[in-house]
Amino acid sequence: MARELITGSPEETAAMAQELGRGAGPGDVFALIGELGTGKTVIAKGIALGMGIRDDITSPTFTILEVYENPLPLYHFDLYRIDRPGELDGLGFDELWYGDGVSVIEWADRAGDRLPADSIRIHLSYAGEEGRRIVIEYPAD
């Protein structure tokens, strides 16, 4: 099942993501896919805020992973620097993706077929200067 929406500003995008965060549960994986600047980090911040995390959420481009402790932990990944899926071998990320927290993965397409089949895939693209087209693909039940 897919849901498509257009937001008119980063604030609208973040508000939509907060709703996702409020409904997030253990083992949820949000796979964010889109060009540079389409709002992946805005989505990550919104999900975190919806989960009750008040920390400053930044994209972990150089560290690849940031962990935010919370009753329901948030694992924020940025795979921008991953050139091929094999580079993920031995990093143990899949243990977190299948774990008891919530994972948000920026540049998730760089993981290839390593993502859990039940990931919620969020495709972002430009819709004007400030707007974004967001397609959320939910796994089949």
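Table for the structure above
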read-out: Tally, over region 87-141, of residues that are among the aromatic types (F, W, Y), at pLDDT below 95 and farther than 18 Å from L20 by Cα; value: 2
read-out: Residues of region 106-122 that turn out to be under 10 Å from the mean Cα position of the chain (by Cα) and either part of a strand (DSSP E or B) or charged (D, E, K, R) (or both), as a count; value: 4
read-out: R3 exposed (fewer than 15 other Cβ atoms within 10 Å of the Cβ), closer than 19 Å to Y138 by Cα and not acidic (D, E); value: yes
read-out: Long-range neighbours under 7 Å by Cβ, at least six apart or interchain, first residue under 14 Å from I105 (Cα atoms) and surrounded by fewer than 17 Cβ atoms within 10 Å (Cβ to Cβ) within region 56-78, second of a type in the set (D, E) and at pLDDT 90 or above; value: T61/D78
read-out: Inter-residue pairs, beta-carbon under 9 Å, first at positive phi and in region 96-111, second surrounded by 20 or more Cβ atoms within 10 Å (Cβ to Cβ) and not in a strand (DSSP E or B), 6+ apart; value: W107/K40; W107/L79
read-out: Check on G90, farther than 22 Å from V135 by Cβ and either more than 12 Å from the chain's Cα centre (by Cα) or of a type in the set (K, R) (or both); value: yes
read-out: Any hit, region 35-43, residues being over 14 Å from the mean Cα position of the chain (by Cα) and either buried (at least 18 other Cβ atoms within 10 Å of the Cβ) or in a strand (DSSP E or B) (or both); value: no
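The values are calculated or read from the model by the stated rules, or taken from the named source; none is laboratory data. Remember, it's a predicted structure, so these values are computed and weren't measured experimentally. Heads up, the Cβs are rebuilt from the backbone with ideal geometry, glycines too, and the neighbour counts pull from every protein chain shown.
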